[in-house]
Amino acid sequence: MVSKVYTYFSTHLRYWTQRSILFTKYKEGILMDEEGWYSVTPEDVAIHIAERCRCDIIIDAFCGVGGNAIQFAFTCHQVIAIDIDETKLMCAKHNAMIYGVADRIEFILGDYLKLIPKLKADVVFLSPPWGGPNYLSAKTFDIKTMIPMDGEKLYRESLKITNNIAYYLPRNVNIQQITNLAGRGNTCEIQEVYINGKLKTMVAYYGELVDMDFCENNA
């Protein structure tokens, strides 16, 4: 089932002029590496996802420069923010301090897939690398072959922690692939994210994160 979220800013603006859309506190000293400029979730979208993922303990498996982890800290009791890149993790820690939520986030430098056996949480948020802006050149984004660590395997391994998974994906993602992840007899809710009236990304919700009332009313 597909629902829609809208946020607005000019698509003609370059990353630098979008800085206050990515982080409203940008002028207070937000840090981003080069990849962070095009991969961080716009703050309004991150706020919406955080509300949907409200829980006790959440894992941000690929936290990057902290856009989602910061918003999770406002809706969840504890955030476990993981990244394999030391520079990104340093930026995330710094940015969390600017938002006043660093004390609610445990930052871990490491490979999420290798850490899974040691992790416990109510919700897992997956926002793996998409291969840079060039992902849009593909007619259909294949999560198995185009996500570096195999997006299908990533989902299956995350089930060892919880069934409650939110998966942040490109707008051209293969819908059949992400619905199939739910498994026979289970429901997946796919939310379209529109920016300035144009579809930009998708968020797939699984387990108890699915809004069953919405799905039943729109079946």
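The values are calculated or read from the model by the stated rules, or taken from the named source; none is laboratory data. What you are looking at is a predicted structure, and each value in this text was computed from that prediction instead of being measured. We place every Cβ from the backbone using ideal geometry, glycine too, and count neighbours over all the protein chains shown. The area values use the complete protein model at the heavy-atom level, side chains included, leaving out ligands, DNA and RNA. Shrake-Rupley method; radii C 1.70, N 1.55, O 1.52, S 1.80 Å.
Could you tell me whether segment 146-204 comes out rounded, prolate or oblate from its Cα gyration tensor? Rule is a ≥ b ≥ c as square roots of the eigenvalues, rounded for a/c under 1.5, then prolate if a/b exceeds b/c, otherwise oblate.
prolate
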Gain in span if fully extended, Gln176 to Thr75, counting 0.36 nm per residue against the direct Cα distance
33.3 nm
Contour excess over end-to-end distance, with Cα ends at Tyr38 and Lys139 and 0.36 nm allotted per residue
34.4 nm
Rounded to a whole number, what % of the accessible area of segment 78-219 do carbon and sulfur atoms account for, probe 1.4 Å?
47
By accessible area with a 1.4 Å probe, ligands and nucleic acids excluded, highest first: order of Phe74, Phe62:
Phe74, Phe62
Computed label-point distance, nm, for sites Lys27 and Met149 using a 7 Å Cα→Cβ extension
3.8
Projected-area average for segment 63-219 over all orientations - Cα convex hull basis, square nanometres
10.2
